[in-house]
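Participant: Here it is: the structure, laid out below.
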Amino acid sequence: MDGKTADGKMTGGKTMDYTGMEIVNLITGKTKLLGVIGNPLSHSISPQLHNTVSRGLGIDAVYVPFLVEKGDLGAAVRGLKAINIVGFNITIPYKNEVVRYIDEVSREAALVGAVNTVKNVNGKLYGYNTDIPGFIRSFKEESGMDDLRGKRVALLGAGGAARAIAVGLAFEGISRLYIINRTRGKAADIAELINGNISPVAEYHGTSDTKIEEVLTKSDIIINATSVGMYPDVNKTPLDFPFSFLPRQVLYDVIYNPGKTRFLEEGEKQGIKVVNGLGMLIYQGIMAYEIWMGIKVPDEITRRLFEFFPGLPCREGFYGRNFH
Ligand code: NDP
């Protein structure tokens with residue numbers, strides 16, 4: 001038996017010393033509760049990100065992971081509302097399903113069909129998608145291209161990340177969106193969503209279409225929103241044919257593990273501007289925090305997060321795909 005006796009002696013023979021014990025004041029009766037719902041969650045960096053922001057700002061809040069089993073999402077959301085949580089994130093696999101449990105969903109989140117951030121205001125749940133502004137802010141700040149109006153964009157991929165990015169870009173006033181995906185039908189769905197609800201700028205292609213090189217050449221921005229090239233498949237690239245980038249082009253990769261994918265490496269070798277997805281990850285978190293707390297997170301805190309977080313993916317056991 002591994003229990004211990006009242007005088008601190010372990011039944012296994014070891015003696016515990018409690019003299020250094022102190023009252024723990026990290027969480028009190030006034031501490032605000034935040035968290036993330038998902039499954040799996042063990043690789044999520046959101047607890048570190050949000051708790052670092054709270055600590056930096058001196059805000060009395062704690063952010064915890066809530067592992068929710070399939071079929072329990074509705075009960076989990078009702079439970080969080082019942083215990084007066086301030087707000088929470090939703091990650092894989094529940095970003096779409098959660099929409100049905102939210103009282104009011106923002107227009108952008110409704111278009112994407114996915115909510116990653118919920119704020120609880122007096123028992124009413126408001127849903128947002130901060131992947132959209134998170135990507136736009138990261139792209140503009142890190143690429144230096146801060147006006148997207150009139151730009152032509154090639155978007156590789158048609159999964160959840162691509163959908164959020166497509167909606168964000170269309171609202172920014174780009175003039176053309178070429179959606180390229182292995183499964184053509186998924187690219188067609190996003191094109192229809194954009195053309196029917198925001199502006200008629202989208203066209204779609206399968207990855208083996210003969211026009212791919214032509215649309216890539218026309219593009220000012222090429223974005224990888226597939227998971228191709230993500231650890232451990234670091235030798236893969238979504239452009240698996242030789243392509244010469246043009247000096248005006250900017251490459252963005254939603255992947256941040258590795259920090260430089262083969263796709264970005266090839267762009268960099270050819271001397272063009274490349275940006276990875278770490279900024280999108282950090283900004284979606286910052287923007288969620290701003291929604292919950294009704295404050296603007298100072299740039300200095302954001303800058304520190306950019307310094308801290310590139311180190312995190314090197315941690316053993318971090319290599320999942322469920323990072324939020
Ligand atoms: P999804 O599973 O929804 O979509 C995956 C996409 O990748 C699909 O377009 C899929 O094509 C494509 N794909 C996967 N494998 C291959 C392959 N072997 N060849 C060609 N295409 C392939 O994933 P998400 O959209 O949620 O995530 C995509 C990536 O974005 C991941 O690496 C994820 O970590 C990252 N991400 C980063 C974020 C950030 O904040 N930086 C936020 C969210 C995601 P098909 O439709 O044909 O299957």
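Participant: Given the options LYS30, LYS119, LYS81, state which has the largest fluctuation in a GNM of the chain using a 10 Å cut-off (strictly under) for Cα springs.
Facilitator: LYS30
Participant: Pick out, in residue order, every one of the GluC sites (Glu not before Pro) in segment 15-104 that is DSSP loop and has at most 13 other C-beta atoms within 10 Å; say none if there are none.
Facilitator: Answer in residue order: GLU22, GLU69.
Participant: Find me the longest stretch of the chain that has none of the exposed chymotrypsin sites (Phe, Trp or Tyr not before Pro), where exposed means in a DSSP loop (not H, G, I, E or B) with at most 16 other Cβ atoms within 10 Å.
Facilitator: 19-242
Participant: Which of the trypsin sites (Lys or Arg not before Pro) across segment 137-177 are loop residues per DSSP, with 12 or fewer other Cβ within 10 Å?
Facilitator: Passing sites in segment 137-177 are ARG149.
Participant: Please say if segment 93-188 is rounded, prolate or oblate, where rounded means a/c under 1.5 for a ≥ b ≥ c the square roots of the C-alpha gyration tensor eigenvalues, and otherwise the choice is prolate for a/b larger than b/c and oblate otherwise?
Facilitator: Oblate, since a/c reaches 1.5 and b/c is not below a/b.
Participant: Extending each Cα 7 Å along its Cβ direction at GLU22 and GLU141, get the distance between those two points in nm, one decimal.
Facilitator: About 3.3 nm, to one decimal.
Participant: Let me ask something else about it. How many percent of Cα pairs in segment 1-131 exceed 25 Å?
Facilitator: 40 percent
Participant: Where does each of SER175, SER143, SER208 land when they are ranked from fewest to most other beta-carbon atoms within 10 angstrom?
Facilitator: Listing SER175, SER143, SER208 from fewest to most nearby Cβ atoms yields SER208, SER175, SER143.
Participant: Next question. Apply the Karplus parameterisation 6.51 cos²θ - 1.76 cosθ + 1.60, with θ equal to phi minus 60°, to every residue of segment 216-232 and state each ³J(HN,Hα) to the nearest whole Hz, in sequence, with x for glycine and proline.
Facilitator: Computed from phi, the couplings for segment 216-232 are 5, 5, 6, 7, 8, 10, 10, 10, 8, 10, 9, 8, 6, x, 6, 3, x Hz.
Participant: Using a Gaussian network model of the chain whose springs link C-alpha atoms within less than 10 Å, name the residue from GLY271, GLY20, GLY56 with the highest mean-square fluctuation.
Facilitator: Taking springs between Cα atoms under 10 Å, the residue moving most is GLY20.
Participant: How much length would be gained if the chain were fully extended between LYS236 and ASN197, taking 0.36 nm per residue of separation minus their Cα-Cα distance, in nm to one decimal?
Facilitator: Taking LYS236 through ASN197 to full extension adds about 10.6 nm, to one decimal.
Participant: Additional query: So how compact is the chain: Cα radius of gyration and Dmax in angstrom?
Facilitator: 22.2, 78
Participant: Could you give each residue of segment 64-70 its phi-based ³J(HN,Hα) in whole Hz, using Karplus coefficients 6.51, -1.76, 1.60 with θ = phi - 60°, and x for Gly or Pro?
Facilitator: 10, x, 10, 6, 10, 7, 3
Participant: Now a separate question. Under 5 Å between amide hydrogens, which residues at least 5 positions from THR117 or on another chain qualify, with H placed 1.01 Å from N in the peptide plane?
Facilitator: Excluding prolines and chain starts, which carry no amide H, the hits are ILE90, TYR128, THR130.
Participant: Hand me the trypsin sites (Lys or Arg not before Pro) from segment 191-296 located in a DSSP loop with no more than 13 other Cβ atoms within 10 Å, in residue order please.
Facilitator: Of the trypsin sites (Lys or Arg not before Pro), the ones in loops of segment 191-296 whose Cβ has at most 13 other Cβ atoms within 10 Å are LYS211, ARG248, LYS296.
Participant: Counting other beta carbons within 10 Å of each Cβ, put VAL153, VAL228, VAL98 in order, fewest first.
Facilitator: Placing the least packed residue first, the sequence is VAL228, VAL98, VAL153.
Participant: Taking a 21 Å limit on the Cα-Cα distance, which of the listed pairs LYS32/LYS119; LYS119/LYS296; LYS70/LYS95; LYS273/LYS296 fall beyond it?
Facilitator: Going by Cα-Cα distance, LYS273/LYS296 fall outside the 21 Å limit.
Participant: Moving to a separate point now. Just from its helices, what would the mean residue ellipticity at 222 nm be for the chain, if runs of 4 or more DSSP H residues each count -39500 (n - 2.57) and the sum is divided by every residue, rounded to the nearest 500 deg cm²/dmol?
Facilitator: Computed mean residue ellipticity for the chain: -10000 deg cm²/dmol.
Participant: If neighbour count is taken as other Cβ atoms inside 10 Å, put LEU246, LEU305 in order from fewest to most.
Facilitator: By the 10 Å Cβ count, ascending, the order reads LEU246, LEU305.
Participant: Could you compute the FRET efficiency for ALA75 and PHE308, with r as their C-beta to C-beta distance and R0 at 45 Å, rounded to 0.05?
Facilitator: Efficiency at R0 = 45 Å is approximately 0.80.
Participant: Positive end of the dipole of the chain, charges at C-beta (+1 Lys, Arg; -1 Asp, Glu), about the Cα centre: which of TRP292, ALA75, ASN197 has its Cα farthest in that direction?
Facilitator: Projecting each Cα onto the dipole axis, the largest value belongs to ALA75.
Participant: Would you work out if segment 133-277 is rounded, prolate or oblate? Take a ≥ b ≥ c from the square roots of the eigenvalues of the alpha-carbon gyration tensor; rounded if a/c is under 1.5, else prolate when a/b is larger than b/c, oblate otherwise.
Facilitator: Verdict is rounded for segment 133-277.
Every number here is computed from the coordinates shown, using simple stated rules; none is lab data. What you see is a predicted model; the values in this text were computed from it and never measured. All Cβ positions, glycine included, derive from the backbone under ideal geometry; neighbour counts span all protein chains shown.
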